[in-house]
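The values are calculated or read from the model by the stated rules, or taken from the named source; none is laboratory data. Quantities reported herein were computed from a predicted structural model and do not represent experimental measurements. Backbone-built Cβ (ideal geometry, glycine too); neighbour counts: all protein chains shown.
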Amino acid sequence: MKEQFIARMVRIHFGEEDRWQGKPLHQAIVERCKELNIAEVIVFRGIEGYGSGSRIRRSGHWSFSKDAPIQVSIIDTEEQIDRLLPLLDTMVMEGVVATSTVEVVRYLRQPGAGNSGG
């Protein structure tokens, strides 16, 4: 089954060492999104990057630093994103939060349908 709709996407950029209430920030954001029943959330760990502080962040594999760049990508309806944004204001101490309107195509497996991918 396929459905198409307009939604909002939030991308949050920060460092792996960032914390909120003692937890890794990315984990705290995912947990908060789950509590709000946000539709889609994924966390990406980058190799290298820099942001508002102009401090270069690198993953531990490429350098001695353990502060890899992190991106959390979130997609849901405008109403759900509007509920989330005030929470992000309290959670993100340093980083960038970018929002955009996106066209979504969601593919859903029909109940009882098997995997026909071979």
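Here's a check for you: in segment 1-35, which residue that is touching a residue at least 40 places away in the same chain (Cβ under 8 Å) and in a loop (DSSP other than H, G, I, E, B) is farthest from the chain's Cα centre (by Cα)?
Met1
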Please indicate, with yes or no, whether at least one residue in segment 45-62 is at pLDDT 95 or above, part of a strand (DSSP E or B), out of contact with any helix residue (DSSP H, G or I) (no Cβ under 7 Å at 6 or more places or on another chain) and surrounded by 12 or more Cβ atoms within 10 Å (Cβ to Cβ). no
Would it be correct to say that Ile38 is touching a Ser or Thr at 6+ places or on another chain (Cβ under 9 Å), closer than 15 Å to Arg8 by Cβ and either modelled with pLDDT under 95 or not in a strand (DSSP E or B) (or both)? no
Of (1) modelled with pLDDT under 95; (2) within 22 Å of Glu17 (Cα to Cα), Val92 satisfies every one except (1)
Please work out which one of (1) at pLDDT 95 or above; (2) exposed (fewer than 15 other Cβ atoms within 10 Å of the Cβ); (3) at negative phi; (4) not aliphatic (A, V, I, L, M) is the condition Arg8 fails and give its number. (2)
If you scan segment 63-80, which residues turn out to be at pLDDT 85 or above and farther than 18 Å from Leu25 by Cβ? Ile75, Asp76, Thr77, Glu78, Glu79, Gln80
